[in-house]
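One structure is given here, and the rest of the page talks about it.
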Amino acid sequence: MYTLPILPYEYHALEPYISSDIMILHHTKHHQTYVDKLNAALQEAPKAVRAMPLNELLQDTVRLPESIRQAVRNHGGGHYNHSLFWQCLAPADTTQMSSELFAALVQKYGSLDAFKAAFTEQALAVFGSGWTWLMPNLSIMTTPNQDTPLMQGLAEPILGLDVWEHAYYLDYKSARLEYVAAWWSVVNWDTVSDRYHLLAAEVAAEVR
Ligand code: MN3
């Protein structure tokens, strides 16, 4: 049984960038629904499938019984993506990017601002609902719906941005650019840096 993760901060902690109204709705309604529907789908699954950790479950969904495959993609992906999303947020000005991650981003994109501009551009280019990701190799990618890079056989992302309208409509109406610009203020750079150090090392070890 999957359960809704407890947030490591209060619902109002990200204001004024993300309101407590959005956080409460997004966490207790949207994310809870993904958890509930994932659990419901897995009730019909063979025991071996139910025993899989979430990241394995999502890695190769074509192995899953067809009757639950789409539900696992939608709701398992939704649970995974949102769990990561919450971890990648923190109250403004409370976290710091590691010097190694900063140097690597500057090397790849020319400057931190250029990286943020490239990420923002991809976030704006997502048609309809989806996600924008920073990968351990510092490439930027997007996925539609609740798809996650794991489903394409790729690594776990180090940073994810939810660009579904439910993530920002209450605060920003349809102005996704304003939402993304505000979101940069509440990115948890401690977590993103930790994930970069852990996952970039894992990816390098696999390539070797
Ligand atoms: Mn969402």
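Filter the range 157-175 for residues that are open to solvent by 30 Å² or more (accessible area, probe 1.4 Å) and part of a helix (DSSP H, G or I) and give the result.
Answer for the range 157-175, where residues must be open to solvent by 30 Å² or more (accessible area, probe 1.4 Å) and part of a helix (DSSP H, G or I): E165, H166, Y169, L170, D171, Y172.
Within the range 131-156, can you find the residues that are touching a residue at least 24 places away in the same chain (Cβ under 8 Å), more than 19 Å from V203 (Cβ to Cβ) and surrounded by fewer than 20 Cβ atoms within 10 Å (Cβ to Cβ)?
Answer for the range 131-156, where residues must be touching a residue at least 24 places away in the same chain (Cβ under 8 Å), more than 19 Å from V203 (Cβ to Cβ) and surrounded by fewer than 20 Cβ atoms within 10 Å (Cβ to Cβ): N145, D147.
So how many residues does the range 11-35 have that are touching a helix residue (DSSP H, G or I) at 6+ places or on another chain (Cβ under 8 Å), free of Cβ contacts under 8 Å to residues at least 40 places away in the same chain and acidic (D, E)?
Number satisfying all stated conditions: 0.
Give me the pairs, please: first residue somewhere in the range 157-176 and on the phi < 0 side of the Ramachandran plot, second residue anywhere and surrounded by 17 or more Cβ atoms within 10 Å (Cβ to Cβ) and acidic (D, E), beta-carbon distance under 9 Å, and either six or more positions apart or on two chains.
Matching pairs, first to second residue: Y168/D162.
Working only within the range 177-193, note down all residues that are polar (S, T, N, Q) and either open to solvent by less than 10 Å² (accessible area, probe 1.4 Å) or without any contact (Cβ under 8 Å) to a residue 40 or more places away in the chain (or both). First the steps, then the outcome.
So the first thing to find is which residues in the range 177-193 are polar (S, T, N, Q), and the list is 185, 188, 191, 193.
Of everything in the range 177-193, just one residue is polar (S, T, N, Q) and either open to solvent by less than 10 Å² (accessible area, probe 1.4 Å) or without any contact (Cβ under 8 Å) to a residue 40 or more places away in the chain (or both), namely S193.
Within the range 107-127, is there a residue that is of a type in the set (D, E, K, R), within 16 Å of the ligand (Cβ to nearest atom) and either open to solvent by 20 Å² or more (accessible area, probe 1.4 Å) or at pLDDT 95 or above (or both)?
Narrowing the range 107-127 to residues of a type in the set (D, E, K, R): 108, 113, 116, 121.
Now narrow it down to the ones that are within 16 Å of the ligand (Cβ to nearest atom): none.
For the range 107-127, residues of a type in the set (D, E, K, R), within 16 Å of the ligand (Cβ to nearest atom) and either open to solvent by 20 Å² or more (accessible area, probe 1.4 Å) or at pLDDT 95 or above (or both): absent.
Determine if the range 39-62 includes at least one residue that is within 16 Å of the ligand (Cβ to nearest atom), open to solvent by less than 60 Å² (accessible area, probe 1.4 Å), in contact (Cβ under 8 Å) with a residue 60 or more places away in the chain and closer than 25 Å to V192 by Cα. Full working, then the answer.
First, the residues of the range 39-62 that are within 16 Å of the ligand (Cβ to nearest atom): none.
No.
For the range 83-100, check the following and say yes or no: at least one residue is aromatic (F, W, Y) and either in contact (Cβ under 8 Å) with a residue 60 or more places away in the chain or surrounded by 20 or more Cβ atoms within 10 Å (Cβ to Cβ) (or both). Before the answer, list the steps.
Going through the range 83-100, the residues aromatic (F, W, Y) turn out to be 85-86.
Cutting the leftovers down to either in contact (Cβ under 8 Å) with a residue 60 or more places away in the chain or surrounded by 20 or more Cβ atoms within 10 Å (Cβ to Cβ) (or both) gives us 85-86.
Yes, the range 83-100 has at least one match.
The values are calculated or read from the model by the stated rules, or taken from the named source; none is laboratory data. Just so it is clear, the structure is predicted and the values come from calculations on it, not from any experiment. Please note: Cβ atoms are built from the backbone with ideal geometry, for glycine as well, and neighbour counts cover all protein chains shown. Only protein heavy atoms, including side chains, enter the accessible area calculation; ligands, DNA and RNA are left aside. Shrake-Rupley method; radii C 1.70, N 1.55, O 1.52, S 1.80 Å.
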